[in-house]
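Heads up: the structure comes next, in C-alpha cells.
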Amino acid sequence: MKFKAGDLVTFKDFKTQAGHFEGCSPLLVLDTARHWRTGTHLHLHHLKTGGKGWDSADNYVKIPST
C-alpha cells in the first residue's frame, strides 16, 4: 500500500482489514522512507498520545476519508 505524508493510518488487524475503523487509534504519517532491503517505513505521530516514531509500513492500513 502506498502512503504519503498527511495520510491517517491505524494498526492493521482483522477488524481494520475488514473495513471497521470505529474505535481505532489514528496516526498521522509525517514522512516515508524506502529501503531496498527492509521496505517502506513510516514516520508516525500518534494523535492521542503525541508520541512519534518510525515503523514498518506493513503494520498499518489507511483510514478512509469521510
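The values are calculated or read from the model by the stated rules, or taken from the named source; none is laboratory data. Just so it is clear, the structure is predicted and the values come from calculations on it, not from any experiment. In this analysis, Cβ positions are derived from the backbone assuming ideal geometry, glycine residues included, and neighbour counts consider all displayed protein chains. Just so you know, the surface numbers come from the protein's heavy atoms only, side chains and all, with ligands and any DNA or RNA stripped out. Shrake-Rupley method; radii C 1.70, N 1.55, O 1.52, S 1.80 Å.
Quick look at the values:
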item: Residues of the stretch 4-25 that turn out to be farther than 14 Å from S65 by Cβ, open to solvent by less than 70 Å² (accessible area, probe 1.4 Å) and either outside any loop (DSSP other than H, G, I, E, B) or touching a residue at least 24 places away in the same chain (Cβ under 8 Å) (or both), as a count; result: 3
item: Extreme residue, least open to solvent (accessible area, probe 1.4 Å), among residues of the stretch 37-51 that are over 12 Å from the mean Cα position of the chain (by Cα) and under 20 Å from A5 (Cα atoms); result: G39
item: Failed item, numbered, when L28 is tested on (1) open to solvent by 70 Å² or more (accessible area, probe 1.4 Å); (2) within 10 Å of the chain's Cα centre (by Cα); (3) at pLDDT 95 or above; result: (1)
item: Failed item in (1) surrounded by 12 or more Cβ atoms within 10 Å (Cβ to Cβ); (2) among the hydrophobic types (A, V, I, L, M, F, W, C); (3) more than 10 Å from the chain's Cα centre (by Cα), with A57 passing the rest; result: (3)
